[in-house]
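Notes follow the structure.
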Amino acid sequence: MEWLQAIFKKSPEIALFLSLGVGYYIGKLKIGTFQLGGVAGSLLVAVIVSQVGVHVDPGVKSVLFALFIYAVGYESGPQFFNSLGRQSVREIAMAAVLALSALATVVVMAKLFSLDKGLAAGVAAGGLTQSAIIGTASDAIGKLGLAAEEVKRLQGNVAIGYAVTYVFGSFGAIIVCVNILPKLFGRSIRDDAVKAEAELQAGVPVFAAGQQAAVAELVGRLYQLERGPVTVAALEDEHAAATITIERVKRAGAILEVHPDLVLQAGDIVLTVGRREAVVAAAARLGQEVYAVEGMEMTMQRRDIVLTKREFHNQSVEQIRAATAGGVRHGIYVVQLSRMGRALPMLPDSVVQLGDVVTIYGAEQDVKRVAAVVGYVVEGGDKTDFVYMGAGLVVGLLVGLLTAKIGSIPLTLGSGGGALLSGLLFGWYRAKRLSFGAMPGPAVQILKDLGLAGFVVVVGLSSGLQAVQTIRAQGLTIFGIGIVVTILPLILTMLFGRYVLRYDNVAIFAGALSGSRSANPAFGEVLNKAENAIPTVPFAITYALANVFLTLLGPLIVALV
């Protein structure tokens with residue numbers, strides 16, 4: 001194994017990517033209905049690889065986690081701020097119950113197995129994966145007035161307890177949140193995530209990348225007219241109740257310029273565009289449908305336009321339609337209306353506001369005409385605005401450095417909490433100002449996947465060897481206590497949430513539960529199972545609270561054990 005150790009010493013990144021690759025492969029394997037998942041698989045492989053002896057700079061872990069948690073916040077910012085209010089009381093209760101049950105579990109286990117203050121605090125820090133407990137507990141031990149040697153021994157035991165229990169602390173939270181919780185409901189995280197997303201969209205169908213309706217709402221068809229003469233305007237006005245537009249005309253092999261006064265003749269071939277029901281209804285009056293006529297091809301565009309003109313603010317869809325000249329809206333079909341990333345129902349009485357995004361469908365020249373009247377087109381593309389992203393991360397990490405004190409106990413959001421808060425704010429502001437700050441969905445996804453999995457692997461590579469060595473030296477007692485400290489508070493909080501707080505959606509509950517334990521690997525697996533951002537909002541609330549509540553456990557454990 002010396003040759004392998006030499007390779008990892010020269011290039012520790014090999015160990016990182018080896019753990020990722022093999023871990024995700026193992027995570028895909030199924031034993032019955034149980035599936036480990038890529039994050040837990042990567043952690044398991046990293047612990048095995050760490051036995052060879054691998055040193056990874058701890059700064060790598062910090063960078064990867066900052067990228068992950070910022071991307072999570074950025075994606076969920078609009079929804080998060082829309083969800084704050086009385087409805088957040090359940091999340092506050094969840095975080096408080098988990099912290100209290102964790103404190104009781106640690107104190108009882110310490111009494112039963114005669115753990116000293118240092119080991120008890122270390123088990124709490126590792127079993128709850130809250131590293132800040134190490135600092136607050138060590139500081140509290142230093143203020144007990146003990147002899148210097150005893151203080152050093154107890155503070156050393158904090159590190160030992162942490163090292164032994166941290167790996168299962170991450171792994172156990174995944175098991176509870178991803179495997180046990182869905183069994184309590186009898187439904188999968190994915191099923192309830194889809195249900196919650198549908199409710200959030202108020203019944204408006206929203207398609208993921210690569211998806212589309214089997215029956216398209218807007219269609220174009222070619223017809224050979226069997227009537228005439230009739231002007232384009234007159235033909236379109238016949239179907240005013242269900243609008244169709246004539247986009248192209250071919251007569252005797254020549255393409256004619258289309259304008260309202262153009263007189264159509266029997267035998268002309270016309271390209272008709274409109275909503276499916278309107279085009280189908282008009283077919284009997286137009287003539288025979290034809291196919292693949294040379295020169296009648298036409299490319300239509302689907303574009304998002306941000307509403308910036310004040311005359312449209314707080315106007316209903318019907319009011320805007322009535323006040324807009326026919327020549328302005330000719331050839332344009334409104335497909336969707338959304339606000340802060342959330343689709344709104346397209347009803348006549350739906351009210352639009354400044355900053356809303358209107359998705360329109362039409363020919364290029366028609367889209368440009370309407371955009372000039374309404375606001376500006378949101379430019380698509382696959383480029384990330386690294387200026388905006390870099391500013392967001394810098395702000396978040398600076399906020400994470402701020403410290404406040406309750407008595408002598410220092411409290412801080414840390415780099416993770418700061419980056420999450422910044423991501424939420426920057427994502428929310430981006431949703432209000434779409435002209436800058438772009439981060440395409442695939443870019444957000446790679447940051448989340450690589451950031452979380454890489455962070456977990458570095459934890460496994462850094463702590464796995466020490467944990468196994470300590471277990472060999474001191475037996476399995478501390479490890480077993482760590483399992484109880486990891487699992488029992490989660491189970492108690494899960495039952496409290498289900499039967500007292502009445503959570504009825506698995507995806508939302510899983511997000512809240514993982515956040516209340518600040519269990520980042522578990523949250524990553526929850527997101528993977530959900531395949532959308534539904535669990536993120538409850539996670540963001542409980543995660544912020546858990547960083548405070550669990551940090552306070554350090555001095556409380558020292559005082560009570």
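This table checks each residue for (1) more than 20 Å from the chain's Cα centre (by Cα); (2) at pLDDT 85 or above; (3) at positive phi.
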| site | (1), (2), (3) |
| --- | --- |
| ILE7 | yes, yes, no |
| LEU43 | yes, no, no |
| VAL49 | yes, yes, no |
| PHE81 | no, no, no |
| SER88 | no, no, no |
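Return a yes/no flag: does segment 93-116 have any residue that is at pLDDT below 90, open to solvent by 10 Å² or more (accessible area, probe 1.4 Å), touching a helix residue (DSSP H, G or I) at 6+ places or on another chain (Cβ under 8 Å) and part of a helix (DSSP H, G or I). No; the residues of segment 93-116 include none that is at pLDDT below 90, open to solvent by 10 Å² or more (accessible area, probe 1.4 Å), touching a helix residue (DSSP H, G or I) at 6+ places or on another chain (Cβ under 8 Å) and part of a helix (DSSP H, G or I). Looking at segment 408-422, is at least one residue in contact with a Leu (Cβ under 9 Å, 6 or more places away or on another chain), at pLDDT below 80 and assigned to a loop (DSSP other than H, G, I, E, B)? Scanning segment 408-422 turns up at least one residue that is in contact with a Leu (Cβ under 9 Å, 6 or more places away or on another chain), at pLDDT below 80 and assigned to a loop (DSSP other than H, G, I, E, B).
Selection of first residues in segment 250-261 that are within 13 Å of GLY295 (Cβ to Cβ) and of second residues that are open to solvent by 80 Å² or more (accessible area, probe 1.4 Å), restricted to Cβ pairs under 9 Å at least 6 apart or on distinct chains, gives the following pairs, ordered by first then second residue: LYS250/GLU294; GLY253/GLU294. Take VAL485 and tell me if it is under 21 Å from MET109 (Cα atoms), crowded, with 20+ Cβ neighbours inside 10 Å and of a type in the set (Val, Ile, Thr). For VAL485, the condition - under 21 Å from MET109 (Cα atoms), crowded, with 20+ Cβ neighbours inside 10 Å and of a type in the set (Val, Ile, Thr) - is met.
Among the residues making up segment 90-103, those that are within 13 Å of GLY127 (Cβ to Cβ) and more than 28 Å from the chain's Cα centre (by Cα) are SER101, LEU103.
Somewhere in segment 56-69, is a residue in a loop (DSSP other than H, G, I, E, B), in contact with a helix residue (DSSP H, G or I) (Cβ under 6 Å, 6 or more places away or on another chain) and modelled with pLDDT of 70 or more? Yes, that holds for at least one residue.
Would you check which residues across segment 496-512 are farther than 12 Å from ALA93 by Cα, outside any loop (DSSP other than H, G, I, E, B) and touching a residue at least 12 places away in the same chain (Cβ under 8 Å) and list them? Passing the criteria: ARG498, VAL506, ALA507, ILE508, PHE509, ALA510, GLY511.
In the set GLY515, GLY460, only one residue is surrounded by 21 or more Cβ atoms within 10 Å (Cβ to Cβ), assigned to a helix (DSSP H, G or I) and under 14 Å from the mean Cα position of the chain (by Cα); that residue is GLY515. ILE175 passes every criterion in (1) over 33 Å from the mean Cα position of the chain (by Cα); (2) within 30 Å of GLY23 (Cβ to Cβ) apart from (1). Does segment 132-146 contain at least one residue that is of a type in the set (Ser, Thr, Tyr) and crowded, with 17+ Cβ neighbours inside 10 Å? Within segment 132-146, one or more residues are of a type in the set (Ser, Thr, Tyr) and crowded, with 17+ Cβ neighbours inside 10 Å.
Which one is farthest from GLY454 (Cα to Cα) among residues in segment 9-41 that are aliphatic (A, V, I, L, M) and at pLDDT below 85? Here the residue is ILE31.
Each row is one residue, and each column tells you yes or no for (1) closer than 30 Å to ALA71 by Cβ; (2) at pLDDT 85 or above.
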{"residue": "LYS432", "(1), (2)": "yes, no"}
{"residue": "SER435", "(1), (2)": "yes, no"}
{"residue": "ALA438", "(1), (2)": "yes, no"}
{"residue": "ALA443", "(1), (2)": "yes, yes"}
{"residue": "LYS448", "(1), (2)": "yes, no"}
{"residue": "VAL468", "(1), (2)": "no, no"}
{"residue": "VAL484", "(1), (2)": "no, yes"}
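May I ask you to list the residues in segment 532-561 that are assigned to a helix (DSSP H, G or I), open to solvent by 20 Å² or more (accessible area, probe 1.4 Å) and under 19 Å from ASP116 (Cα atoms)? Selection gives PRO555, LEU556, ALA559, LEU560. Checked against the criterion of being at positive phi and modelled with pLDDT of 75 or more, the candidates GLY161, GLY210, GLY228 yield just one match: GLY228.
Let's see how each residue does on (1) at pLDDT below 85; (2) under 37 Å from the mean Cα position of the chain (by Cα):
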position	(1), (2)
ARG276	no, yes
ALA284	yes, no
TYR291	no, no
GLU294	no, no
LYS309	yes, yes
HIS313	yes, yes
GLN319	yes, yes
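In this structure, is ALA173 small (Gly, Ala, Ser), modelled with pLDDT of 85 or more and closer than 20 Å to ALA102 by Cα? Yes; evaluated as a whole, the condition is true for this residue.
Can you find even one residue in segment 473-480 that is at pLDDT 90 or above and either part of a helix (DSSP H, G or I) or surrounded by 23 or more Cβ atoms within 10 Å (Cβ to Cβ) (or both)? Looking for residues that are at pLDDT 90 or above and either part of a helix (DSSP H, G or I) or surrounded by 23 or more Cβ atoms within 10 Å (Cβ to Cβ) (or both), one finds at least one in segment 473-480, hence yes. Among residues belonging to segment 117-131 that are open to solvent by 10 Å² or more (accessible area, probe 1.4 Å) and not in a helix (DSSP H, G or I), point out the one that is modelled with the highest pLDDT. Ranking the qualifying residues of segment 117-131, first place goes to THR129. Scanning segment 304-316 for residues that are charged (D, E, K, R) and either surrounded by 14 or more Cβ atoms within 10 Å (Cβ to Cβ) or in contact (Cβ under 8 Å) with a residue 40 or more places away in the chain (or both) yields ASP304, LYS309, ARG310.
For segment 276-303, a residue qualifies if it is buried (at least 18 other Cβ atoms within 10 Å of the Cβ) and over 15 Å from ASP237 (Cβ atoms), and the qualifying residues are VAL279, GLY287, MET296, ARG303.
The values are calculated or read from the model by the stated rules, or taken from the named source; none is laboratory data. Computed from a prediction, not measured in an experiment: that's the story for all the values here. Cβ atoms come from the backbone with ideal geometry, glycine included; neighbour counts cover every protein chain shown. To get the accessible areas, we keep the full protein, side chains included, count just its heavy atoms, and leave off ligands, DNA and RNA. Shrake-Rupley method; radii C 1.70, N 1.55, O 1.52, S 1.80 Å.
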